[in-house]
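Undergrad: Take a look at this one; I'll ask things after.
The values are calculated or read from the model by the stated rules, or taken from the named source; none is laboratory data. Nothing here was measured: the structure is a model prediction, and the numbers come from that model. Cβ coordinates were reconstructed from backbone atoms using ideal geometry, including for glycine residues, and neighbour counts include every protein chain displayed.
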Amino acid sequence: MQSEKYYKSECRPTSVLKKLWETAKTGITFQQWLELRDRCRKDLFFLTKDVLGWTRVIERVHQPVCDFFGEINFDGVYHDGYTLEEMQEAIKRQGLIESLLLDPRGAFKSTINSANCVRWLLNAPDIRIFIVTGEYDNAVLFLQQIKNYFYLAEDAEPTKLQMLFPEYILTGKDGYSESPLECPARIHTEQKESSLWVNAITATLASQHCDLLVGDDVVSDRNSTTPEARQKLKNKYDNAQNLLDEWGLQINIGTRYAGDDYYGERIKIMGDGDAPLNYFCRAAWTVKKQYLHIPIKELTKDMVELLFPEKLTWAVLRKKLLNNERDFRCQQLNEPQQDADAIHFTEEMLRAHMEQLSAAPTKGDIVMTLDWALTSTEKADYSCIAVGRIDKEAAEAHVLEIEYGRWKSSELAANIVRFQKKFNPRVVLVEKIGGSELMQNEIQREAKRQGVAINILWNTVDVSHDAKANRIKGLETLLKEDRLFFVQGPWIDETFAQFMRYTGLRKNKGRKDDIPDAVSMLQFFLPKEANDPVDADKLAKEQVEERKKAALESYYRQVFNRQPGVSKNRLDYDERTGNPRSTSSQVGLNQAQRRSRFDFGHLGRRNAD
């Protein structure tokens, strides 16, 4: 029996193809039909624009993207009884490696990506394609777009693609559901995996192996907001790559979000001979060389060259820039940005602000700050003492010495007194937290025992959201303005280590930030402007007020057995006169009535909400 003829990259013999051509009724000759099929498999730009109907695709802009996806040629692969192993070897022979395409949002990169998935199905109907996205809704849209190319509704006219490839036509629910794509043109139907399926990177990915792994916008604004989230995403996607068989191809397309996002981490190692990367990146506009010094928001239309002015016009891009510069740089220029709220201390920055004690100023107030922990257990936070000199004229802070440790209250008090004797600071700033009164008594006893006078200001802790991070972020500004310096000492390595680990975005379990927090409290003494007076006098006045208030509170506890301002025996406290006053609204209410009033108010608030 004479073997059947196979035309170029066709996986079906010519005799079967001729019957398909006759049923398609295209109005062109069989040879023309075959040539057009072959061109669709080899020319991605032609397939995208002329066959799939994306008429807004422009050769000047999008041919380079199509070229990036590489050539595919399956000529001579198929014959009677061809095996899956032969197809897999053919995929490997294409010489395509891992690819990363970074193109501006709205430049049709996903459109061309979906067309490339169609091209692979046309070349290898037995291929298994897995598409993963950042969000599940986007994954489903991607699947349905590809299905729609092959879906022929009842009584509808076939598209160009469907007339050229009638064996791929989907009908009924299979053509628009969220279920995986089962390619009707498959030869080897015994495969357990579908032809094409999708999922979000956040999902639990089933152990289905694939020949082509496609990541479309895997990195998103939801999964890449913090360093921890980006690391979690990388771990997840690295694991997903185990689903790609060794002969397979991985393609990623997207836009940047941060320097250490998944794409950035992959770019870092692309020069490794064992991890080659086909890399393509461009921006929605390119600033002309003579205008590179102009701030981005001051650029005018004549200063830039637009990539895709037919769609991404100057007006459109300018509006995006003014709305959100950070998003514009990431999504349109592919310039990864640091986290807006993150704090970044580099070793180079910190060591550039080290100085010898002899170089530190000798004028200015010496102050001491304390960040302290209630317990001294192994897992507790450190307590930290920071001593600094405030140069009022230069508005600078010079850290003279730091000591830290997990101390008992008696040990902490002893260290405070020791530092007082050593540096004689004008004032000691301590955060007022639960247990402050006991700590204050401990310090007073130790100071009295050693015959030392200590001027302590107990400062109320700001517990508002991100208060600590905002305070430490101020140190980043001081370093950039050359207004914060560290005298060299044995404590410097741990100090810099804590600074470099601190981001302000989230405090990881086991990550200490006690030293940066103590140093940040030195800013309390810095003038806001170089010619402003230092706040030490203000501190002294506030301390006097604190002592008066404490004495008054002690008096009221003794006389009325209550705290000022707290209703007891239907008496209230007049803050202006310091005298008790009656509160008629409370008179006559028993405990049950007060509870009833509270419950009613609670329900009223809930209903109002």
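Undergrad: As an exercise: evaluate T503 against (1) buried (at least 21 other Cβ atoms within 10 Å of the Cβ); (2) at pLDDT 90 or above and give the number of the one condition it does not meet.
TA: (2)
Undergrad: To continue, here is another question. Can you tell me which residue is surrounded by the fewest Cβ atoms within 10 Å (Cβ to Cβ) among those in the stretch 207-245 that are part of a helix (DSSP H, G or I) and among the basic types (K, R)? I'd like the intermediate steps shown before the answer.
TA: Step one: list which residues in the stretch 207-245 are part of a helix (DSSP H, G or I), which gives 227-243.
With among the basic types (K, R) added as a condition, the list becomes 230, 232, 234, 236.
On the way: R230: 22, K232: 14, K234: 18, K236: 17.
Going through the qualifying residues, I end up with K232.
Table: residues versus (1) closer than 27 Å to T14 by Cα; (2) charged (D, E, K, R); (3) not assigned by TED's automatic domain parsing to the domain that holds V316.
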position	(1), (2), (3)
R41	yes, yes, yes
F46	yes, no, yes
D50	yes, yes, yes
V57	no, no, yes
F68	no, no, yes
R93	yes, yes, yes
L96	no, no, yes
D103	no, yes, yes
G106	no, no, yes
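Undergrad: Could you tell me whether the stretch 111-124 includes any residue that is touching a residue at least 12 places away in the same chain (Cβ under 8 Å), of a type in the set (G, A, S), assigned by TED's automatic domain parsing to the domain that holds Y237 and over 16 Å from L44 (Cα atoms)?
TA: Initial filter on the stretch 111-124 (touching a residue at least 12 places away in the same chain (Cβ under 8 Å)): 111-124.
If we keep only those that are of a type in the set (G, A, S) as well, we get 114-115, 124.
Still in the list and also assigned by TED's automatic domain parsing to the domain that holds Y237: 114-115, 124.
Of the ones still in play, those that are also over 16 Å from L44 (Cα atoms) are none.
Looking through the stretch 111-124, none of the residues is touching a residue at least 12 places away in the same chain (Cβ under 8 Å), of a type in the set (G, A, S), assigned by TED's automatic domain parsing to the domain that holds Y237 and over 16 Å from L44 (Cα atoms).
Undergrad: Also, I was wondering about something else. Hey, could you check the stretch 518-541 for residues that are modelled with pLDDT of 70 or more and more than 21 Å from I454 (Cβ to Cβ) and say which is surrounded by the fewest Cβ atoms within 10 Å (Cβ to Cβ)?
TA: Kept after step one, since they are modelled with pLDDT of 70 or more, are these residues of the stretch 518-541: 518-527.
Within this subset, residues satisfying the condition of being more than 21 Å from I454 (Cβ to Cβ) are 520, 523, 526-527.
Details: S520: 24, Q523: 21, L526: 22, P527: 14.
My answer is P527.
Undergrad: Same structure, new question: Kindly establish whether A156 is closer than 23 Å to I91 by Cβ and among the small types (G, A, S).
TA: Working: closer than 23 Å to I91 by Cβ: no; among the small types (G, A, S): yes.
So A156 does not fit the description; no.
Undergrad: Additional query: With the stretch 246-342 as the region, which strands (runs of 3 or more DSSP E) entirely inside it contain at least 1 residues that are in contact (Cβ under 8 Å) with a residue 24 or more places away in the chain?
TA: Working: elements: 278-281, 285-287, 304-306.
Those strands (runs of 3 or more DSSP E) span 278-281, 285-287.
Undergrad: Quick check on V16: is it crowded, with 16+ Cβ neighbours inside 10 Å, among the β-branched types (V, I, T) and without any contact (Cβ under 8 Å) to a residue 60 or more places away in the chain?
TA: It is false that V16 is crowded, with 16+ Cβ neighbours inside 10 Å, among the β-branched types (V, I, T) and without any contact (Cβ under 8 Å) to a residue 60 or more places away in the chain.
Undergrad: Return the residues of the stretch 394-431 that are over 21 Å from F524 (Cα atoms) and aromatic (F, W, Y); say none if nothing qualifies. Let's see the steps before the verdict.
TA: Taking the stretch 394-431 and keeping what is over 21 Å from F524 (Cα atoms), we get 405-415, 417-418, 421-422.
Listed by number, the list holds a single entry, W407.
Undergrad: Hey, among K392, K408, K432, K422, which residue is under 35 Å from the mean Cα position of the chain (by Cα), surrounded by fewer than 21 Cβ atoms within 10 Å (Cβ to Cβ) and among the basic types (K, R)? I'd like the intermediate steps shown before the answer.
TA: Values: K392 fails: under 35 Å from the mean Cα position of the chain (by Cα); K408 fails: under 35 Å from the mean Cα position of the chain (by Cα); K422 fails: under 35 Å from the mean Cα position of the chain (by Cα).
Testing whether each residue is under 35 Å from the mean Cα position of the chain (by Cα), surrounded by fewer than 21 Cβ atoms within 10 Å (Cβ to Cβ) and among the basic types (K, R) leaves just K432.
Undergrad: Also, I was wondering about something else. Being closer than 30 Å to E265 by Cβ, touching a helix residue (DSSP H, G or I) at 6+ places or on another chain (Cβ under 9 Å) and of a type outside the set (G, A, S) narrows it down to one residue among F30, F74, F69, F46; which is it?
TA: Details: F30 fails: closer than 30 Å to E265 by Cβ; F74 fails: closer than 30 Å to E265 by Cβ; F46 fails: closer than 30 Å to E265 by Cβ.
Result of the check over F30, F74, F69, F46: F69.
Undergrad: Counting just the residues of the stretch 282-301 that are touching a Phe, Trp or Tyr at 6+ places or on another chain (Cβ under 9 Å) and of a type outside the set (F, W, Y), which one comes out surrounded by the fewest Cβ atoms within 10 Å (Cβ to Cβ)? Before the answer, list the steps.
TA: Within the stretch 282-301, the subset touching a Phe, Trp or Tyr at 6+ places or on another chain (Cβ under 9 Å) is 284-285, 296, 299-301.
Narrowing further to those that are of a type outside the set (F, W, Y): 284, 296, 299-301.
On the way: A284: 25, I296: 13, L299: 18, T300: 10, K301: 13.
Taking the candidates together, the pick is T300.
Undergrad: Could you say which residue among E310, E378, E325 is assigned by TED's automatic domain parsing to the domain that holds A469 and either under 26 Å from H62 (Cα atoms) or at pLDDT below 95 (or both)?
TA: Values: E310 fails: assigned by TED's automatic domain parsing to the domain that holds A469; E325 fails: assigned by TED's automatic domain parsing to the domain that holds A469.
Unique residue meeting the criteria: E378.
Undergrad: Restricting attention to the stretch 58-71, does a residue exist that is of a type in the set (V, I, T), loosely packed, with under 13 Cβ neighbours inside 10 Å, out of contact with any strand residue (DSSP E or B) (no Cβ under 7 Å at 6 or more places or on another chain) and touching a residue at least 24 places away in the same chain (Cβ under 8 Å)?
TA: no
Undergrad: Another question, if that's okay. Of the residues P125, P104, which is farther than 29 Å from T189 by Cα, at pLDDT 95 or above and of a type outside the set (A, V, I, L, M, F, W, C)?
TA: P104
Undergrad: Among L457, L429, L400, L475, which is closer than 18 Å to V367 by Cα, in contact (Cβ under 8 Å) with a residue 40 or more places away in the chain and out of contact with any helix residue (DSSP H, G or I) (no Cβ under 6 Å at 6 or more places or on another chain)?
TA: Numbers: L457 fails: out of contact with any helix residue (DSSP H, G or I) (no Cβ under 6 Å at 6 or more places or on another chain); L429 fails: out of contact with any helix residue (DSSP H, G or I) (no Cβ under 6 Å at 6 or more places or on another chain); L475 fails: out of contact with any helix residue (DSSP H, G or I) (no Cβ under 6 Å at 6 or more places or on another chain).
Just a single option satisfies the conditions, and that option is L400.
Undergrad: Go through (1) buried (at least 18 other Cβ atoms within 10 Å of the Cβ); (2) under 25 Å from R39 (Cα atoms) and name the single condition A200 misses.
TA: Status for A200: all satisfied but (2).
Undergrad: Something else: I'd like the residue in the stretch 122-157 that is within 29 Å of Y78 (Cα to Cα) and aliphatic (A, V, I, L, M) and, out of all such residues, is surrounded by the most Cβ atoms within 10 Å (Cβ to Cβ).
TA: A124
Undergrad: If I go through the stretch 163-183 residue by residue, how many of them are in contact with a strand residue (DSSP E or B) (Cβ under 9 Å, 6 or more places away or on another chain) and surrounded by 17 or more Cβ atoms within 10 Å (Cβ to Cβ)?
TA: 6
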